[in-house]
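The values are calculated or read from the model by the stated rules, or taken from the named source; none is laboratory data. Keep in mind the model is a prediction, meaning the values are calculated, not measured. So basically every Cβ, Gly included, is an ideal-geometry build from the backbone, and we count neighbours across all protein chains shown.
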Amino acid sequence: MNFFELQRAVQRHVLQADTAVLPHVNESQKVPVAVRLGIYSTAYRLRLIEGLASNYPQLQSLLGDEAFAALALEYIDAHPSVHFSIRWFGAELEAYLRATRVTQPWFAELAQWEWALAAAFDAADAAPVPVAALAEIEPERWWTLRFDLHPSLQQLALRSNAAAVFKALTTDTDPPDPVILDAEQDWLLWRRGLTTHFRSAAASEARALQLVRSDATFEDLCEALCAWYSEEEVPARAAVFLKSWIAEGWIITVR
């Protein structure tokens, strides 16, 4: 076995517990081969657990260190790391929790929340349009307008109180018992400067933002809002939404 093959064999041992490499490693009277190689396997998993804890600190707080470590080991086996950067290890944790903790959706949703908050923080910078930009638009052009959203803006629809649990954990207060809500709640997460923010949103506003994200026109947005407001109220309500989005720095382009 040449050096390159030995490296690959050690990698398979670390990632898959493949024992084919054992006969090719020099024996030692002090420490057996299996123990020496086990140091690498253990260190690799501990580093991945540390990486997951860094991305999901409040999930770790909710579960406790031992339960989180056990979950992390499950996840490592189910979803081996495939990225050069450990920042992206954990991208599938939400889906894994949804599949394995079906009756406890708050675990998956807390993971979804923390990942979205990190995505908001890591998102590219973009200059928002000023509120005054709306005043410069001729009335006849409004119906065909489209808008581009800030890269940091994230939308979540949660059916548990994961957001309240997260808020309590980050403020060192006792979190409420995780529960499933009577109705799904929409949330918006974004970054302003170097600070992340979040707030709840009415279903109508969440739907309007989804349409904006899909490149719908202002007219399309108004038509959708008819599901919640009278035809007379809709233009004013859409304008209020748009003004607040610009004030928050969410609109970066008006087309």
Notebook entry, point to check: Out of (1) in a helix (DSSP H, G or I); (2) under 14 Å from the mean Cα position of the chain (by Cα); (3) touching a residue at least 24 places away in the same chain (Cβ under 8 Å); (4) over 28 Å from V212 (Cβ atoms), the odd one out for L73 is which?
Noted result: (2)
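Among the residues of the stretch 79-109, how many are farther than 15 Å from S54 by Cβ and modelled with pLDDT of 95 or more?
Here is the first cut: in the stretch 79-109, the residues farther than 15 Å from S54 by Cβ are 79-80, 82, 84, 92, 94-109.
Narrowing the set further to residues that are modelled with pLDDT of 95 or more leaves 92, 94-109.
Of the residues in that region, 17 qualify.
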Item checked: All strands (runs of 3 or more DSSP E) inside the stretch 167-255 with 3 or more residues being surrounded by 15 or more Cβ atoms within 10 Å (Cβ to Cβ) and modelled with pLDDT of 95 or more -> 180-192, 195-201
Next item on the list: Could you look through the stretch 140-159, keep only residues that are crowded, with 21+ Cβ neighbours inside 10 Å and not aliphatic (A, V, I, L, M), and pick out the one that is nearest to the chain's Cα centre (by Cα)?
Entry: Q154
Notebook entry, point to check: Which number in (1) over 15 Å from the mean Cα position of the chain (by Cα); (2) surrounded by 20 or more Cβ atoms within 10 Å (Cβ to Cβ); (3) under 27 Å from D172 (Cα atoms); (4) not hydrophobic (A, V, I, L, M, F, W, C) marks the one condition that S61 misses?
Noted result: (2)
Note to self: Given the condition more than 30 Å from D182 (Cβ to Cβ), touching a residue at least 40 places away in the same chain (Cβ under 8 Å) and either surrounded by 14 or more Cβ atoms within 10 Å (Cβ to Cβ) or aromatic (F, W, Y) (or both), answer yes or no: does some residue in the stretch 88-95 qualify?
What the structure shows: yes
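Residues checked against (1) farther than 28 Å from R8 by Cβ; (2) in contact with a strand residue (DSSP E or B) (Cβ under 9 Å, 6 or more places away or on another chain); (3) at pLDDT below 75:
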site	(1), (2), (3)
V33	no, no, yes
R36	no, no, no
T42	no, no, no
R45	no, no, no
Q60	yes, no, no
G64	yes, no, no
